[in-house]
Amino acid sequence: MRIIAIFSPLGGVGKTTLAVNLAASLSELGKRVLLVDLDAQSSATMALGLATEPGGSLYSALENGTSPRAVIRSTRLPSLFVIRSHIELLEVDMRVTQRDHHQTRLREVIAELRALPDFDCILLDCPSSMGVMTSAAMAAADELLVPLKPGFFMWPLVSCLLAQIQHVIESGGNPGLHMGGFVINRFEGNAAQLSEVARALQATAEPYVSGNVVYLTTIPDSVVLTEAPCSGQTVLEYDPTGVAARAFQDLAQEFLDRGTNKPAVSIEIEK
Ligand SMILES: Nc1ncnc2c1ncn2[C@@H]1O[C@H](COP(=O)(O)OP(=O)(O)O)[C@@H](O)[C@H]1O
Ligand SMILES: [Mg+2]
């Protein structure tokens, strides 16, 4: 069982796109996957074609003591399950006074899910903030996957994120956390430019991590990835033979291959 938080404080970089389509691709490969939508915006919930009515969402498990198992919903894919979000979660994410209580409760919920025998992996779709939900996800996850949209603003963010991850590990918040890797999303240049970006990204990451932390598979900029969630479908359903679907299938395979080689991508803490 692997618990993976799809993480970045920047909005619009592709966290939800990655969470939904990686989850679908892993399930297509026969893995039993649970996608937990931690974002009050509920984009992952809607991208899977599910309604966001109150009740029976992650909020119920956090606030009303509903068993996490009772809020797991099936999807059209037989081995893909989801815990839906609802806008009510915003209240949890932002209620500073009860931050510790909510963080503890979310960690308990994730621990209960981890103990279930039903899943091979759990993907956590984090919101674009460093609020309660993201902090608890970082504290509970085994590894982080970070989508990046190449561009000028990416570089300061990369060091910042790695320093943040190192802090979570060093502070005892989650000593077992691994940097699963960066996934380059929406790259529009040619192959030579792509390998230059990947090389520079790896070099930026090296003071913090050992091993190759840049996924070889990249996600192309493709209009079907914008259209698919609007119709409540994963890209595997919406455009099954297109390049974007193929990219996610390759990514899922690379994800599984990397999972067998964890120590190569663990954060090394300099004392
Ligand atoms: N590779 C891509 N090609 C085209 N559109 C994309 C791609 N990745 C993400 N998008 C679109 O960009 C927007 C933001 O992506 P999203 O996954 O919701 O980001 P985040 O969850 O990080 O805020 C969405 O409309 C999504 O459909
Ligand atoms: Mg999102």
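The values are calculated or read from the model by the stated rules, or taken from the named source; none is laboratory data. Predicted, not measured: the structure shown is a model, and the values here were computed from it. A quick note on method: Cβ atoms are made from the backbone with ideal geometry, for glycine too, and the neighbour counts reach across all protein chains shown. For the accessible areas, the whole protein counts, side chains as well, though only heavy atoms, and no ligand, DNA or RNA atoms are used. Shrake-Rupley method; radii C 1.70, N 1.55, O 1.52, S 1.80 Å.
Being touching a strand residue (DSSP E or B) at 6+ places or on another chain (Cβ under 7 Å) and either away from ligand 1 (no atom under 16 Å from the Cβ) or within 14 Å of N21 (Cα to Cα) (or both) is the filter here, so list the residues in segment 199-219 that pass it.
Hits for segment 199-219 are L201, Q202, Y208, V209, V213, V214, T218, I219.
Select, from V13, V36, the only residue that is of a type outside the set (S, T, N, Q) and either at positive phi or in a strand (DSSP E or B) (or both).
V36
What about T52, is it open to solvent by less than 60 Å² (accessible area, probe 1.4 Å), within 16 Å of ligand 1 (Cβ to nearest atom), in contact with a strand residue (DSSP E or B) (Cβ under 6 Å, 6 or more places away or on another chain) and closer than 24 Å to E237 by Cβ?
When the stated conditions are applied, T52 does not pass them.
So which residues in segment 216-245 are outside any loop (DSSP other than H, G, I, E, B) and away from ligand 2 (no atom under 16 Å from the Cβ), if there are any at all?
Of everything in segment 216-245, those that are outside any loop (DSSP other than H, G, I, E, B) and away from ligand 2 (no atom under 16 Å from the Cβ) turn out to be P220, V223, V224, E227, L236, E237, Y238, V243, A244, A245.
Against the definition (farther than 30 Å from T218 by Cβ, outside any helix (DSSP H, G or I), more than 16 Å from ligand 2 (Cβ to nearest atom) and out of contact with any Leu (no Cβ under 6 Å at 6 or more places or on another chain)), how does G30 come out, yes or no?
Criteria not met by G30.
Give me the residue from segment 39-49 that is assigned to a loop (DSSP other than H, G, I, E, B) and polar (S, T, N, Q) and, out of that set, least open to solvent (accessible area, probe 1.4 Å).
S42
Checking L22 against (1) more than 16 Å from ligand 2 (Cβ to nearest atom); (2) within 23 Å of A115 (Cα to Cα); (3) out of contact with any strand residue (DSSP E or B) (no Cβ under 6 Å at 6 or more places or on another chain), which test does it fail?
(1)
I'd like the residue in segment 2-17 that is near ligand 2 (Cβ under 9 Å from one of its atoms) and of a type in the set (A, V, I, L, M, F, W, C) and, out of all such residues, is surrounded by the fewest Cβ atoms within 10 Å (Cβ to Cβ).
The residue in question is V13.
Among (1) within 16 Å of ligand 1 (Cβ to nearest atom); (2) within 18 Å of the chain's Cα centre (by Cα), where does I87 come up short?
Of everything listed in (1) within 16 Å of ligand 1 (Cβ to nearest atom); (2) within 18 Å of the chain's Cα centre (by Cα), I87 misses just condition (2).
Considering segment 149-200 alone, what residues qualify as being polar (S, T, N, Q) and touching a residue at least 40 places away in the same chain (Cβ under 8 Å)?
S159, Q166, N185
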